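> Have a look at this one.
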Amino acid sequence: MKHIPLYFLALLISLGCLAQEKSAYLQKLNIEGIPFNKKTNVIFEDHLGFLWLGTDSGLYRYDGHSLIENQYDVFDEHSIPNNSVNSIVEDNYGNLWIGSESYLIWYNRKTNQFKGFYKNNTSKILGKSSDGVIWANLRNTGIVKIIPDQKAENLKFITEFNYKQENRIWTNEKQVNHFAEDLFGRLWFASPYGILVLGPDNRLIESAFHKNTEVLINTKNNRFIASTDEGLFVLGYGPDNYQLEVLETYTTFPGNTAQNTAFTALVKESETHALWIGTQSGVIKGNRKNNKYSFQHINNSNTPYGSLESGINSLATDKFNNLWIATNKGVKKYTGRTSIFQYTSLDKDLTNFFPQSLLKENRQKFLLSINGKGLYRFNKNLNTNKLLLPTTENATVVKKDYEKRELFVGFGPYLLKSTNYFQNRESFRTDTLKQYSKVIKDIVPINKNETWVGLWGGGIDIVNTESGLSKFKEKIISLLLGKNVSVMLLDSLQNMWVGTRGDGLFKIDLINEEIKTFIPSIDHGLSSNAILSLLETAQGNIWIGTRGGGLNYYNAQDQSITSYGKNEGLVSTTIAGIEQDKNGYLWLSTHGGISRFNIDEKKFVNFGMEDGLAESHFIFNSHTNDDRGILHFGCPGGFYSVDARNYQKSQLLPNTIITKFTVLSNRSRHSKLKDISSSLPLQEDTAALELP
């Protein structure tokens with residue numbers, strides 16, 4: 001696109017290149033439950049997978065679990081000499097170069113020491129060229145060419161070529177914002193006076209692009225992408241001259257009311273070549289299609305109202321292609337590109353209420369029983385709620401009847417049944433089948449005439465509309481009388497499983513009229529007497545979610561129970577809900593996030609706030625799935641949907657980091673333990689070696 005008048009270009013862009021706001025899955029960085037709220041200026045991932053966070057109050061190293069803080073200490077000459085960090089680059093030795101408010105800083109990873117250069121000079125690290133040279137900018141000096149080395153005394157700083165330059169190409173402070181290397185090895189520098197290129201004899205040459213340029217990145221087909229105070233520009237270059245040609249211009253973006261967008265960051269995905277743009281109005285994504293970019297303003301669907309505060313200072317993509325966002329209020333991670341989680345907020349008026357029961361009607365519509373409110377129909381596509389039956393009771397549950405035509409509804413102590421339920425009907429009538437002295441926790445129909453009702457503090461009741469109860473069923477009611485029934489399950493072998501809170505698990509064989517009780521024991525027994533959820537898989541095997549005892553497995557063949565807890569890799573031992581995806585993996589909603597369990601390998605993968613979950617407290621026995629295999633788990637104010645089809649285990653090879661070694665004395669068999677590092681880098685599968 002060349003030489004098109006700006007008013008006409010803006011019209012074309014507004015019609016063809018703008019997109020609606022896109023919902024994303026953004027989660028705030030939390031360290032052991034404490035939000036990281038520091039103003040963050042830059043994020044950088046090193047070759048080991050550590051994330052380095054440069055803030056106004058120090059430099060932090062994040063390993064995926066914990067932070068190591070580096071701050072100036074007047075009594076430690078090897079501490080970082082300035083706390084206000086604005087830029088970070090790693091050299092070929094694995095050491096860091098850090099730009100700060102008053103020093104150019106070198107961090108020696110081997111010695112874990114910092115050293116400052118050019119005291120009282122604001123510095124910015126511009127980048128690293130293909131020959132390993134680090135390029136920086138010193139205010140009032142210009143460009144610094146740094147030749148790295150492993151030893152401080154061998155480091156070289158070259159600045160004299162700055163004095164060869166004509167003063168008209170500089171600002172008063174000789175400020176340079178960014179740098180990029182083209183396909184021919186030439187170096188280009190972004191400055192407030194435009195883009196400059198380092199030519200023969202180390203002289204800077206003007207490129208004919210004179211706009212105030214903040215970021216310059218190289219892309220394919222001999223092109224740069226430049227972010228300026230006037231918009232985004234795609235620039236072309238050739239091998240024979242130092243002039244840049246404007247190929248595409250973008251000046252209007254979604255989510256920005258001002259004519260000019262203040263860009264603060266720009267990164268490009270390595271795989272898709274999509275652009276991520278940081279602005280004072282949030283994050284914008286640019287997708288390339290039909291030789292042009294279309295843009296979407298990123299909204300945060302992990303909050304009830306989708307807000308993402310403005311003030312983006314820096315963006316970075318890690319080895320797993322996650323986007324990290326540095327803001328004035330901390331750090332956020334974007335996992336929406338391959339996220340398996342989606343949060344659905346029911347309504348701002350329902351934020352503090354729990355969906356105690358989820359029941360799908362179809363792909364778009366759910367029935368939800370909400371404590372203290374009633375029975376709702378929620379349309380996921382339209383994001384609308386419809387109150388079908390109101391109640392003030394705090395215990396609510398909804399289930400389909402045996403023929404899947406009508407509904408059973410438990411509101412506190414009242415057992416209701418619909419008489420004219422239909423999926424698209426906005427209201428229906430109900431009859432009260434029974435009123436109890438205790439509240440209803442679960443309802444299971446076993447045939448069209450008989451329904452079992454679990455009662456909190458009342459055991460079970462069996463409602464039979466055709467005949468009286470057998471002596472065996474009367475015995476069951478008597479045995480469970482007064483117990484806190486929390487969940488029930490009728491399996492394919494006609495066993496009724498009754499889980500309680502405090503009295504273990506009961507297996508009631510309706511064919512052979514036998515009752516078996518499972519209570520906690522060390523040898524092949526339950527690991528908790530509080531049962532929260534039940535799921536049947538193949539051959540009548542039962543998975544049991546407990547409070548405090550993790551996941552239990554009942555093997556129908558030998559009638560044994562195996563437990564899985566924190567020792568096996570489970571992050572939380574309170575299992576609120578269990579669902580199975582179409583590939584046979586279990587998904588568990590817990591009080592520590594969501595976990596995936598590989599039944600064959602007996603391995604857990606745990607997901608928390610860093611993986612797209614803003615909620616860690618899930619409601620027990622509040623879960624469902626649909627015919628696409630999408631799983632849903634209830635949590636305060638809404639529910640999380642899990643698209644297990646998007647789960648992909650990273651194929652990146654793990655780094656091996658030695659964290660400990662043991663030195664054996666020649667005179668003694670006693671060993672001395674030396675600590676090398678207390679934490680592992682940000683990788684999915686990192687091995688720690690202990691050497692003899």
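> Would you point out which residue out of T249, T171 is among the polar types (S, T, N, Q) and part of a strand (DSSP E or B)?
So the residue among T249, T171 that is among the polar types (S, T, N, Q) and part of a strand (DSSP E or B) is T249.
> State yes or no: is P304 at pLDDT 85 or above, open to solvent by 50 Å² or more (accessible area, probe 1.4 Å) and either out of contact with any Pro (no Cβ under 8 Å at 6 or more places or on another chain) or more than 30 Å from L613 (Cβ to Cβ) (or both)?
Considered against the rule, which asks whether it is at pLDDT 85 or above, open to solvent by 50 Å² or more (accessible area, probe 1.4 Å) and either out of contact with any Pro (no Cβ under 8 Å at 6 or more places or on another chain) or more than 30 Å from L613 (Cβ to Cβ) (or both), P304 comes out as no.
> Pull out all pairs, ordered by first then second residue, where Cβ-Cβ is under 6 Å, the residues are six or more apart or on different chains, the first lies in the stretch 611-634 and is on the phi > 0 side of the Ramachandran plot, and the second is open to solvent by 10 Å² or more (accessible area, probe 1.4 Å).
G612/Y25; G612/T335; G612/S339; G629/D581; G629/K582
> Something else now. Taking the conditions exactly as written (out of contact with any helix residue (DSSP H, G or I) (no Cβ under 8 Å at 6 or more places or on another chain), within 20 Å of E615 (Cβ to Cβ), open to solvent by 10 Å² or more (accessible area, probe 1.4 Å) and at pLDDT 90 or above), does Q356 satisfy them or not?
The answer is yes for Q356.
> Here is a further query. Can you pull out the residues in the stretch 359-402 that are among the charged types (D, E, K, R), modelled with pLDDT of 85 or more and assigned to a loop (DSSP other than H, G, I, E, B)? Before the answer, list the steps.
Start the filter on the stretch 359-402 by keeping residues that are among the charged types (D, E, K, R), which leaves 360-361, 363, 365, 373, 377, 380, 386, 393, 399-401.
Add one more test, that the residue is modelled with pLDDT of 85 or more, and what stays is 360-361, 365, 373, 377, 386, 393, 399-401.
Matches in the stretch 359-402: E361, K373, E393, D401.
> Quickly run through the stretch 381-413 and pick out the residues that are open to solvent by 80 Å² or more (accessible area, probe 1.4 Å) and of a type in the set (F, W, Y).
Y402, the sole residue that qualifies.
> Please go through the stretch 429-450 and pick out each residue that is surrounded by 11 or more Cβ atoms within 10 Å (Cβ to Cβ), acidic (D, E) and over 44 Å from the mean Cα position of the chain (by Cα).
Matches in the stretch 429-450: E450 only.
> Follow-up question, since we're still on this one. Can you confirm whether K2 is under 20 Å from G311 (Cβ atoms) and modelled with pLDDT under 95?
So K2 fails the test.
> Would the stretch 594-613 turn up any residue that is at pLDDT 80 or above, hydrophobic (A, V, I, L, M, F, W, C) and assigned to a loop (DSSP other than H, G, I, E, B)?
yes
> Looking only at the stretch 452-468, filter to residues that are free of Cβ contacts under 8 Å to residues at least 40 places away in the same chain, β-branched (V, I, T) and in contact with a Leu (Cβ under 7 Å, 6 or more places away or on another chain); which one of those is nearest to T396 (Cα to Cα)?
I460
> Within the stretch 460-472, how many residues turn out to be closer than 20 Å to K417 by Cβ and either modelled with pLDDT of 95 or more or open to solvent by less than 50 Å² (accessible area, probe 1.4 Å) (or both)?
Within the stretch 460-472, residues that are closer than 20 Å to K417 by Cβ and either modelled with pLDDT of 95 or more or open to solvent by less than 50 Å² (accessible area, probe 1.4 Å) (or both) number 5.
> Identify, please: which residue in the stretch 614-645 is assigned to a loop (DSSP other than H, G, I, E, B) and charged (D, E, K, R) and is, among those, surrounded by the fewest Cβ atoms within 10 Å (Cβ to Cβ)?
Out of the qualifying residues, it is D627.
> While we're on this one: Between a residue in the stretch 203-221 that is open to solvent by 60 Å² or more (accessible area, probe 1.4 Å) and any residue that is of a type in the set (S, T, Y) and assigned to a strand (DSSP E or B), which pairs come within a Cβ distance under 7 Å, given they are 6 or more apart or on different chains?
These pairs meet every condition: E214/S227; E214/T228.
> From the set of residues in the stretch 54-104 that are in contact with a Gly (Cβ under 9 Å, 6 or more places away or on another chain) and of a type in the set (A, V, I, L, M), which is surrounded by the fewest Cβ atoms within 10 Å (Cβ to Cβ)?
V89
> Being in a loop (DSSP other than H, G, I, E, B), open to solvent by 10 Å² or more (accessible area, probe 1.4 Å) and not charged (D, E, K, R) is the filter here, so list the residues in the stretch 550-564 that pass it.
Answer for the stretch 550-564, where residues must be in a loop (DSSP other than H, G, I, E, B), open to solvent by 10 Å² or more (accessible area, probe 1.4 Å) and not charged (D, E, K, R): A556, Q557, Q559.
> So, in the stretch 25-48, exactly how many residues are touching a Phe, Trp or Tyr at 6+ places or on another chain (Cβ under 9 Å) and in a loop (DSSP other than H, G, I, E, B)?
Result for the stretch 25-48: 5.
The values are calculated or read from the model by the stated rules, or taken from the named source; none is laboratory data. None of the values given here were measured: they were computed from a predicted structure. Backbone-built Cβ (ideal geometry, glycine too); neighbour counts: all protein chains shown. SASA here: full protein model, heavy atoms, side chains in, ligands and nucleic acids out. Shrake-Rupley method; radii C 1.70, N 1.55, O 1.52, S 1.80 Å.
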